[in-house]
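The numbers here are math on the coordinates, done by the rules we state, and not lab data. Since the model is a prediction, treat every value here as computed from it, not as a measurement. Note that we place each Cβ from the backbone using ideal geometry, even for glycine, and neighbour counts take in every protein chain shown.
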Amino acid sequence: MSVSQVTDASFKQEVINNNLPVLVDFWAPWCGPCRMVSPVVDEIAEEYESSIKVVKINTDDNPTIAAEYGIRSIPTLMIFKAGERIDTVIGAVPKSTLASTLNKYIS
């Protein structure tokens, strides 16, 4: 399963209404740390494909959702479960950090 792009319009359908836990990568094309964490997010999507959904949302193109969740710094990675934000990781973190955060929420 690849990482899909979501928009302000598709966020509710793809994230909030999803049965699986969802990892959302808030990013922008000009953001260096976002480019650093992108391969990590892709690896997580591949390794956890049966347990979570992974999506990315460009904060420049989709300011409504970014504002709604108070995104002040990117990359910001949020984990949603049953439509609720349950955890947030800010910054370009190592894969091990992201994996251990995710593992707390995968049942």
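Some values worked out for this structure:
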quantity: Of the trypsin sites (Lys or Arg not before Pro) in the stretch 1-78, those whose Cβ has at most 15 other Cβ within 10 Å and which sit in DSSP loop; calculated: Arg72
quantity: Residues of type aspartates and glutamates that Lys53 reaches as a straight line, Cα spacing below 19 Å, ignoring anything fewer than 8 places off in the same chain; calculated: Asp8, Glu14, Asp25, Asp42, Glu43, Glu84, Asp87
quantity: Rg to Rh quotient for the stretch 1-70, alpha carbon positions, Kirkwood Rh; calculated: 0.95
quantity: Contact order relative to length of the chain, as percent, for alpha carbon pairs under 8 angstrom and 6 or more apart; calculated: 37 percent
quantity: Distance between modelled label sites at Leu20 and Ser4, nm, 7 Å Cα→Cβ extension; calculated: 1.0 nm
quantity: Sequence-distant residues sharing a close amide H with Gln5 (under 5 Å, placed H); calculated: Lys56
quantity: Computed E for Asp61/Ile86 - FRET, C-beta separation, R0 22 angstrom, nearest 0.05; calculated: 0.30
quantity: Antiparallel DSSP beta bridges within the chain, percent to nearest 5; calculated: 60 percent
